Amino acid sequence: MSGPFRCLSCGSPHGRTVLDLGSQPLANNLLRPADLGKTEPRFPLRVAVCEACWLLQITEVVPPVELFSEYPYFSSFSDSFVRHARAAAERYAREFALGPASSVVEIASNDGCLLRNFIRLGVPCLGIEPAANVADVARAHGVETIADFFGGKLAERIADEDGPADLILGNNVLAHAPDTNDFVAGLARLLRRGGRIVLEFPYAVDLVAQTEFDTIYHEHVFYFTLTSLQPLFARHALEIIHVEHLDIHGGSLRIFVGHPGDHARETSVGGFLAREAALGVGSIALYENFAAHVERVRHELLALLARLRAGGKSIAAYGASAKGSTLLNFLQPPAGTIEFIVDRSPHKQGALSPGLHLPILPPETLLARQPDFALLLTWNFAGEIFDQQAEYRARGGRFIVPIPQVTIR
């Protein structure tokens, strides 16, 4: 690997590069037509594994303020995530006996999609969301929100002013915080004795096994296994007490964490650790063929797109997502291969995709222009999108699903 490695969790200098996706633009840095004359920043996108704690991580970190101060992703535009959030909130309120005297804090609360459910259930809550534009939307929906980055200092301030929290939630945020020790220290400071932390994040075992390389972008600094998380939480006097595997986002973990001794540790923790050991998570074995599988997907997808274009077929893409940016900028298809991208979010429509500068248009454009094929960049929501685009498919439109293997649906 280029340059000295230093694990961002345990500090070990021993790491090995397992994938290099080249120099890439920031995946959520959507451009406007007026921006085309400006220089578009690019950064190396390489992934290494620490050979001491086995944490998978990118090697060049972009400062969070460049990534999250303004943000184009709004959770409420995914029907699947809206249902997921409602079910989670109702479960936690019931299982943890949360009520008007309780306190829930969500880190990276986005537009308040999850916390609105706690408000409906009569449970006091607070959101922490660094993107000012997204925090404004949450407040407009009645969710009290602090527009700031979470860490030890903010946790201290909230604990001093409002008291500690009974439940701290973090969906797809743990992987975004470069100073992971400060982040976890903040969790420990903000959590009430007897309270719980529940975190969800993409699971590195699924990422490698399913060749989900498009989940890698500069916002995602880390790709966690339970093996790599155990020492991180123990370092800050926190204990993982339960683990669940979720299908969402191509495979995620949901972990439950508390202060040591506050809750019984369930058998799921030992079960996951044993399975990870059997898979080779605590060695280089799990990662050594990852790059070869990624290159296979790239080769197959480029070959398919070339055949379709040579046959006179028109191709669009669905989903102006961060994962789509990684995929397209790694592929580098010839100009004109993909004509445009459609996306449900009005915050993205009218913009241009990072790197390739493809126009982002409303989903109705699929019916208006009826391309022969649409490359599904948000394949993790394939079922939802197929339902929404039933008419496009009924008229003969086909979706190209790139991951875990290239298929046409």
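Conditions first: (1) out of contact with any Lys or Arg (no Cβ under 8 Å at 6 or more places or on another chain); (2) open to solvent by 10 Å² or more (accessible area, probe 1.4 Å); (3) not hydrophobic (A, V, I, L, M, F, W, C). His259 passes all but one, so which condition is the exception?
(1)
For Asp166, which of the numbered conditions (1) more than 15 Å from the chain's Cα centre (by Cα); (2) outside any helix (DSSP H, G or I); (3) modelled with pLDDT under 95 fails to hold?
(3)
Going by the conditions given, is Leu377 touching a Phe, Trp or Tyr at 6+ places or on another chain (Cβ under 9 Å) and free of Cβ contacts under 8 Å to residues at least 24 places away in the same chain?
So Leu377 fails the test.
Do you know which of the residues in segment 1-54 that are of a type in the set (Asp, Glu) and at pLDDT below 95 is farthest from Gln230 (Cα to Cα)? Explain how you work it out, then say what you get.
We begin by selecting, within segment 1-54, every residue of a type in the set (Asp, Glu); these are 20, 35, 40, 51.
Pick out the ones that are also at pLDDT below 95 and you get 35, 40.
Values: Asp35: 44, Glu40: 38 Å.
The selected residue is Asp35.
Residue by residue, here is whether (1) assigned to a loop (DSSP other than H, G, I, E, B); (2) among the acidic types (Asp, Glu) holds:
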residue	(1), (2)
Asp262	yes, yes
Ala277	no, no
Ser283	yes, no
His299	no, no
Leu308	no, no
Glu339	yes, yes
Gln349	yes, no
Ile360	no, no
Leu366	no, no
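Got at least one residue in segment 348-355 being closer than 22 Å to Pro404 by Cβ, open to solvent by 10 Å² or more (accessible area, probe 1.4 Å) and modelled with pLDDT of 95 or more?
Here is the first cut: in segment 348-355, the ones closer than 22 Å to Pro404 by Cβ are none.
The answer is no, given that none of the residues of segment 348-355 is closer than 22 Å to Pro404 by Cβ, open to solvent by 10 Å² or more (accessible area, probe 1.4 Å) and modelled with pLDDT of 95 or more.
Looking at segment 179-243, what helices (runs of 4 or more DSSP H) fall wholly within it and have at least 1 residues that are in contact with a helix residue (DSSP H, G or I) (Cβ under 7 Å, 6 or more places away or on another chain) and under 24 Å from His259 (Cα atoms)? Full working, then the answer.
Values: elements: 180-190, 204-209, 226-235.
Helices (runs of 4 or more DSSP H) meeting the threshold: 180-190, 226-235.
Give the residues of segment 117-155 that are surrounded by fewer than 22 Cβ atoms within 10 Å (Cβ to Cβ) and closer than 13 Å to Val105 by Cβ, sorted by residue number.
Matches in segment 117-155: Pro124, Leu126, Glu144, Ile146, Asp148, Leu154.
Give me the residue from segment 9-58 that is within 20 Å of the chain's Cα centre (by Cα) and more than 26 Å from Ala292 (Cβ to Cβ) and, out of that set, most open to solvent (accessible area, probe 1.4 Å).
The qualifying residue most open to solvent (accessible area, probe 1.4 Å) is Asn29.
The values are calculated or read from the model by the stated rules, or taken from the named source; none is laboratory data. Since we're looking at a predicted model, the values are computed, not measured. Methodologically, a virtual Cβ is constructed for each residue, glycine included, from the backbone with ideal geometry; neighbour enumeration extends over all protein chains shown. When the accessible area is computed, the model is the full protein with side chains, heavy atoms only, and any ligands, DNA or RNA have been set aside. Shrake-Rupley method; radii C 1.70, N 1.55, O 1.52, S 1.80 Å.
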